[in-house]
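These notes concern the structure reproduced below.
The values are calculated or read from the model by the stated rules, or taken from the named source; none is laboratory data. None of the values given here were measured: they were computed from a predicted structure. Here the Cβ positions follow ideal geometry from the backbone for every residue, glycine too, while neighbour counts run over all protein chains shown.
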Ligand code: ASP
């Protein structure tokens, strides 16, 4: 059997009939696209919410949106879900083949599930389930040999955590059993079934994970992740209009670039693909002629910097203590305090007798006084200060290894533009460096760095 391509289509790619027709054309244009993983329909036009969010709203009796101060009530969410499938059915002309009554029953039946987590998982999974059935009917109506492969039928087995299930190894054997040379498998992403026969879901955005596991199981030629962007950009294109799509990136580079604007897909989905050296190709459903970004285990470093990311909304806790440099265990104790508050720490720049810990500013909301008190009590620093409204710019590229000129160039060009730098950090891997600065100058700084390090402006 030839190696199949696993193609995953996200919510925006399957949000309406026009988008689903684009998906069909993409699938039909390559016979190796035999495993198609689909999300639930994306945002509905009325409430601008994803169908999955409406379903979670129904499961939680309206808490899902109430907590975020958004509008839809349970009744409105129910109507949004049914209305979406009704219109898809009509627009794709598959009224006779789509089980709308079954969906309606599910929306009632779910209320009988007593355990709130199991109930939420059941409801949340309905978007993917019925969308896969609908897309299968549509493909079949156009003469394609498509079949819906539902996780509960073929055995996509997750562990018992209803809302954050982990894929069990037997799922891979079960995925292999549904392969054949001629059928196009339409697989709903995001959910599976536990050994006890209960529906469980993966974490949000989990259709990416389903597809990653399918790609691993069938040892796919590649894993295509079809979305609404042309690929991974050199810098966030919303702020840097000249940013270009990066053609090739390694798994390591994309991890280093991960932050808002770069998070085009679920990183856990990479793990299995990386293990089997399966390339991931991020592509745009609306521009199928674009090649997108390939994420690979290895690539030839043809340039220095490949992308620049910016972490916004950071703060650092700065401590000074005489002879800190000779105190064994001081840093460990400090980081343990952050761990006790469940705060993720990002960088720890040090001098001999001082240290700063960079964190996301939001994580300090409501706890900063307690945190300070604990640090004072346990470590008794001579001086402590918390500096807010910071940003960290990270330049990444395999080609940076052994090249210290790019770091120097970055610092000197920021100096020429009178941008003050608060922190510099580079790990011995040398494939990236981080520059901390005030949030107020961060947008200007990333633009300058993009111009000089990626656009070759001197
Ligand atoms: N529909 C699910 C979500 O919105 C899963 C996915 O789209 O990947 O999180």
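Given the criterion more than 16 Å from the ligand (Cβ to nearest atom) and in contact (Cβ under 8 Å) with a residue 60 or more places away in the chain, identify the matching residue among 56, 26.
One residue alone meets the criteria, 26.
Scanning region 73-94 for any residue that is in a loop (DSSP other than H, G, I, E, B), at pLDDT 95 or above, within 24 Å of residue 158 (Cβ to Cβ) and in contact with a helix residue (DSSP H, G or I) (Cβ under 8 Å, 6 or more places away or on another chain) turns up nothing. If you filter region 188-218 down to residues that are within 15 Å of the ligand (Cβ to nearest atom) and on the phi > 0 side of the Ramachandran plot, you find that the one that is surrounded by the most Cβ atoms within 10 Å (Cβ to Cβ) is 190. Filtering 415, 399 for residues that are surrounded by 13 or more Cβ atoms within 10 Å (Cβ to Cβ) and in a helix (DSSP H, G or I) leaves a single hit, 399. With respect to (1) touching a residue at least 40 places away in the same chain (Cβ under 8 Å); (2) in contact with a strand residue (DSSP E or B) (Cβ under 7 Å, 6 or more places away or on another chain), the lone exception for residue 81 is condition (2). Quick check on region 63-76. Is at least one of its residues under 25 Å from the mean Cα position of the chain (by Cα), within 15 Å of the ligand (Cβ to nearest atom), free of Cβ contacts under 8 Å to residues at least 24 places away in the same chain and surrounded by 15 or more Cβ atoms within 10 Å (Cβ to Cβ)? Taking every residue of region 63-76 in turn, at least one turns out to be under 25 Å from the mean Cα position of the chain (by Cα), within 15 Å of the ligand (Cβ to nearest atom), free of Cβ contacts under 8 Å to residues at least 24 places away in the same chain and surrounded by 15 or more Cβ atoms within 10 Å (Cβ to Cβ).
Of the listed requirements (1) touching a helix residue (DSSP H, G or I) at 6+ places or on another chain (Cβ under 7 Å); (2) within 25 Å of residue 323 (Cβ to Cβ), residue 343 misses just one: (2). Candidates 133, 144: the one that is within 16 Å of the ligand (Cβ to nearest atom), within 27 Å of residue 178 (Cβ to Cβ) and either surrounded by fewer than 19 Cβ atoms within 10 Å (Cβ to Cβ) or free of Cβ contacts under 8 Å to residues at least 60 places away in the same chain (or both) is 133. Scanning region 434-447 for residues that are under 21 Å from residue 253 (Cα atoms) and surrounded by fewer than 21 Cβ atoms within 10 Å (Cβ to Cβ) returns a single hit, 447. Criterion first (surrounded by fewer than 19 Cβ atoms within 10 Å (Cβ to Cβ) and more than 15 Å from the ligand (Cβ to nearest atom)) does residue 35 satisfy it? Spelling it out, it is not the case that residue 35 is surrounded by fewer than 19 Cβ atoms within 10 Å (Cβ to Cβ) and more than 15 Å from the ligand (Cβ to nearest atom). When region 39-52 is filtered for residues that are within 9 Å of the ligand (Cβ to nearest atom) and in a strand (DSSP E or B), only 50 remains. Which residues, taken from region 418-434, are within 25 Å of residue 295 (Cα to Cα) and assigned to a strand (DSSP E or B)? Matches in region 418-434: 432, 433, 434.
Yes or no: residue 387 at pLDDT 95 or above, surrounded by 15 or more Cβ atoms within 10 Å (Cβ to Cβ), within 20 Å of residue 239 (Cβ to Cβ) and more than 25 Å from the chain's Cα centre (by Cα)?
Against the criterion (at pLDDT 95 or above, surrounded by 15 or more Cβ atoms within 10 Å (Cβ to Cβ), within 20 Å of residue 239 (Cβ to Cβ) and more than 25 Å from the chain's Cα centre (by Cα)), residue 387 does not qualify.
Scanning region 219-228 for residues that are within 16 Å of the ligand (Cβ to nearest atom) and crowded, with 19+ Cβ neighbours inside 10 Å returns 223, 224, 225, 226, 227. Looking across region 161-187, the residues that are within 16 Å of the ligand (Cβ to nearest atom) and touching a residue at least 60 places away in the same chain (Cβ under 8 Å) come down to 186, 187. Considering (1) surrounded by 23 or more Cβ atoms within 10 Å (Cβ to Cβ); (2) over 24 Å from residue 362 (Cα atoms); (3) at pLDDT 95 or above; (4) touching a helix residue (DSSP H, G or I) at 6+ places or on another chain (Cβ under 8 Å), the lone condition that residue 269 does not fulfil carries the number (3).
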